[in-house]
Amino acid sequence: MPIESLPGLGDIRSKRLKDSYFYTVMDLSNATPMEIKEIAGFDELEDAVKLVSLAKDILIQKDVIGKSRMTGRELLAFRERRIEFLTTGAPKLDSLVLGGGIQTEAITEFFGLFGCGKTQMALTLSVICQLPKSKGGLDGSVIYIDTENTFRPNRILDIAVDRTGCTREEAEKYLDDIMVIKAFNSSHQIQIVNSLSHFMNDEANEKTRSLKKKPRLLIIDSLTAHFRTEYIGRGNLNPRQTKMGQMLRKILRTIETWKLACVITNQVLSSPDGNQFIDPIKPVGGNIVGHLSTYRVYIKRAGKKRIVTMIDSPEHAENSTLIELDVGGVKDATGT
């Protein structure tokens, strides 16, 4: 439903909203009244509140989004109708650690030391997401925000050939449905996140001929790299955390609205505390990233293999499994 279909929204305000990537009723439901007031030019905040509430009411009636009040049974039924799973390509990792795979409408964070396999996980998922749902994919395209210049098209071809049995020429179609967006600094990264709805909108996407399929997976590799290098020192800690928090909340609203899966990779730092029994490796971003990531998964080297552990989840136990990386990306470790 285009935003013009909402009563009380004239041509001028509609254009202002579209210029800021608000195309549909769904986009409006995903916004805060304050940002709608500023963009559309409402004199009173209450007018923006009414507009956002109207958009949400319409989508609730159509069973697109959940009601703000539901019993536990109603919420269970709503989630069973709505939540989908994307396989990692490693069945034991899916079942033992992730409880079925990467969930839609949730942020799954993978963190670990350099070279542990975070980017290989992201690249593997970029291929598998495009596969039919019957093969563990989401039959959709991928938006890949690259902050560290680590996306490699040749790895996509390797993974596609290995996993699907196609030729290398045939594998090039998997590159067509990955939109790689390089973020040059933290401000640019925030701007990209704020404009994500552009790729969900049929009208806007048709003009740019960007993607053949609807996006179903958002990847940010890595989330914190720019913020870590640009906001140095304790004096910059508060503004850094505030900006990251705002960006993550925008991501959460976007993936819940558009039924996307979201995978973020995160850098780590060493935090020695004098206790030899506690792993000193900690993910960057502190409590802000910790609270807003739905699932936090730690990848740790173990010789040529990797130990993958779910360390924080509202529904999973703290389980671990072994994986390995080969030409086809992430796979269950052999012999386990």
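The values are calculated or read from the model by the stated rules, or taken from the named source; none is laboratory data. Please read these numbers as outputs of a predicted model, since none were measured by experiment. With ideal geometry, Cβ positions are generated from the backbone for all residues, glycine too; neighbour counts draw on all protein chains shown.
The table for this structure:
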quantity: Test: residue 138 is closer than 27 Å to residue 269 by Cα, out of contact with any helix residue (DSSP H, G or I) (no Cβ under 6 Å at 6 or more places or on another chain), buried (at least 22 other Cβ atoms within 10 Å of the Cβ) and in contact (Cβ under 8 Å) with a residue 40 or more places away in the chain; calculated: no
quantity: Identity of the residue in segment 163-190, charged (D, E, K, R) and crowded, with 18+ Cβ neighbours inside 10 Å, that ends up nearest to residue 220 (Cα to Cα); calculated: 177
quantity: Close pairs from segment 24-50: first acidic (Asp, Glu), partner surrounded by fewer than 23 Cβ atoms within 10 Å (Cβ to Cβ) and not in a helix (DSSP H, G or I), Cβ under 8 Å, at least 6 apart; calculated: 27/21; 27/201; 47/8
quantity: Lone qualifier among 126, 95 - being outside the structural domain of residue 15 (by TED's automatic domain parsing), surrounded by 17 or more Cβ atoms within 10 Å (Cβ to Cβ) and small (Gly, Ala, Ser); calculated: 126
quantity: Any hit, segment 161-176, residues being on the phi < 0 side of the Ramachandran plot and under 17 Å from the mean Cα position of the chain (by Cα); calculated: no
quantity: Residue check for residue 287: surrounded by fewer than 12 Cβ atoms within 10 Å (Cβ to Cβ) and not charged (D, E, K, R); calculated: yes
quantity: Cβ pairs under 6 Å, 6+ apart, first in segment 179-198 and under 13 Å from residue 143 (Cα atoms), second at pLDDT 95 or above and among the polar types (S, T, N, Q); calculated: 183/147; 183/189
quantity: Failed criterion for residue 81 (all others in (1) in contact with a Leu (Cβ under 8 Å, 6 or more places away or on another chain); (2) at pLDDT below 95 hold); calculated: (1)
quantity: Residue match in segment 221-235 (condition: farther than 30 Å from residue 116 by Cα and either assigned by TED's automatic domain parsing to the domain that holds residue 120 or in contact (Cβ under 8 Å) with a residue 40 or more places away in the chain (or both)); calculated: yes
quantity: Residue that is nearest to residue 60 (Cα to Cα) [pool: residues in segment 29-47 that are crowded, with 21+ Cβ neighbours inside 10 Å and at pLDDT 85 or above]; calculated: 36
